[in-house]
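Structure first, then comments.
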Amino acid sequence: MPAWFIIIAHVHDLQPFMSRYSPAVAKLTEEMGGTYILRGRGGQVLEGEGPDGAAGIVIEWPDKESALRFWNSPEYAEVKKLREGLADISVMLVEG
């Protein structure tokens, strides 16, 4: 059963985020079987709480196990360090 990461990213420092973290995480995502469905900036909160202008990202995985294998991998732990202090990120894993 497929699974998706639903990500909200409020980026504080766009240039280093886009030049360092984004390419590295995109490459690793592809290598580990994930596919980007949506990458959009300038989101508008219509209900609930969240930062207006945040980015929304959806990544599809073949299954929940693949998504968690990526999330818990030592490779992603290293890539994740590239965004420290650059953005506030919320990630939810959903099976469908």
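The values are calculated or read from the model by the stated rules, or taken from the named source; none is laboratory data. What you see is a predicted model, and the numbers here were worked out from it, not measured in a lab. Don't worry about glycine lacking a Cβ; one is built from the backbone with ideal geometry, like all the others, and counts go over all protein chains shown. Quick note on the areas: whole protein, heavy atoms, side chains included, nothing else; ligands and nucleic acids left out. Shrake-Rupley method; radii C 1.70, N 1.55, O 1.52, S 1.80 Å.
Rolling a 1.4 angstrom probe over the protein heavy atoms, how many square angstrom per residue are accessible across the chain?
Result: 64 Å² of accessible area for each residue.
If R0 is 22 Å, what FRET efficiency do you get for Leu46 and His10 from their C-beta distance, rounded to 0.05?
Efficiency, from the Cβ-Cβ distance: 0.85.
Between Val58, Val25, Val45, which gets the highest mean-square fluctuation from a Gaussian network model of the chain, Cα cutoff 10 Å?
For the chain, modelled as a Gaussian network with Cα springs under 10 Å, the answer is Val45.
Which stretch or stretches of segment 77-96 have amide N atoms under 12 Å from the point lying 7 Å from Lys64's Cα along the Cα→Cβ direction?
Of the residues in segment 77-96, 93-96 have backbone N under 12 Å from the label point off Lys64.
Under 1.5 on a/c is rounded, so check that first for segment 43-96, then, if it is not, pick prolate when a/b is larger than b/c and oblate when it is not; a ≥ b ≥ c are the square roots of the alpha carbon gyration tensor eigenvalues.
oblate
Among rounded, prolate and oblate, which fits the chain when a ≥ b ≥ c are the square roots of the eigenvalues of its C-alpha gyration tensor, a/c under 1.5 means rounded, and a/b larger than b/c means prolate?
Oblate.
Within the accessible area of the chain, what % is carbon and sulfur when the probe is 1.4 Å and the other protein chains stay in place?
Accessible surface attributable to carbon and sulfur in the chain totals 53 percent.
Using just the helices of the chain, give the 222 nm mean residue ellipticity in deg cm²/dmol: DSSP H runs with n ≥ 4 each add -39,500 (n - 2.57), and the total is spread over all residues, rounded to 500.
-7000 deg cm²/dmol
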